[in-house]
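Coordinate-derived values only; no laboratory data. Quick caveat, the model's predicted, so the values are computed rather than measured. When we count neighbours, we look across all protein chains shown, and the Cβ atoms used for this are built from the backbone with ideal geometry, even at glycine.
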Amino acid sequence: MPEFDWRSPDSYKSLQDAEITDIAWECLRRNADYRREYEVMIANSPNGEVTDEFRRRWGLCFRP
């Protein structure tokens, strides 16, 4: 596993070219509540689609 030094500016170089949506996704995908709700929603969805309620709750807009 690579070592991550949060104090080193070099550890954040990959973020220099990131868009705000990239950073938002990185935060969201680490959110335990989001991950839990996503798993429950997918498990209860007959066709595995994301619900409008889920999109609104988490502020998501899926691109084709």
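Take CYS61, CYS27 and order them by how many other Cβ atoms sit within 10 Å, fewest up front. Don't skip to the end; give the middle numbers.
Values: CYS61 6, CYS27 9.
Least to most surrounded, the residues fall as CYS61, CYS27.
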Given that just one value was derived from the coordinates, which of [x] 45, 24, 18; [y] 38, 29, 19; [z] 34, 22, 18 is Cα extents along the principal axes in Å?
[x]
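Within the chain, report the trypsin sites (Lys or Arg not before Pro) that DSSP leaves as loop and that have at most 10 other Cβ atoms within 10 Å.
On the way: sites: ARG7, LYS13, ARG29, ARG30, ARG35, ARG36, ARG55, ARG56, ARG57; in loops: ARG7, ARG30.
Sites meeting the loop and neighbour criteria: ARG7, ARG30.
Say a site is exposed when it is one of the chymotrypsin sites (Phe, Trp or Tyr not before Pro), sits in a DSSP loop, and has at most 14 other Cβ atoms within 10 Å; what is then the longest site-free stretch of the chain?
On the way: sites that count: PHE4, TRP6, PHE62.
No qualifying site falls inside 7-61, the longest such stretch.
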Could you pull out the GluC sites (Glu not before Pro) across the chain that fall in loop regions by DSSP (anything but H, G, I, E, B) with no more than 10 other Cβ atoms inside 10 Å?
GLU3, GLU19
Using the Cα centre of the chain as origin and beta-carbon charges of +1 (Lys, Arg) and -1 (Asp, Glu), tell me which of CYS61, THR21, TRP6 is placed farthest towards the positive end of the dipole.
CYS61
Relative to the chain, whose Cα atoms define the longest principal axis, helix 20-29 and its Cα axis are tilted in degrees, nearest 10, by 70
Using alpha-carbon coordinates, inclination of helix 32-44 to the longest axis of the chain, degrees
30
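Could you give the length gained by full extension between GLU37 and ASP5, i.e. 0.36 nm per residue of separation minus their alpha carbon distance, to one decimal place?
8.4 nm
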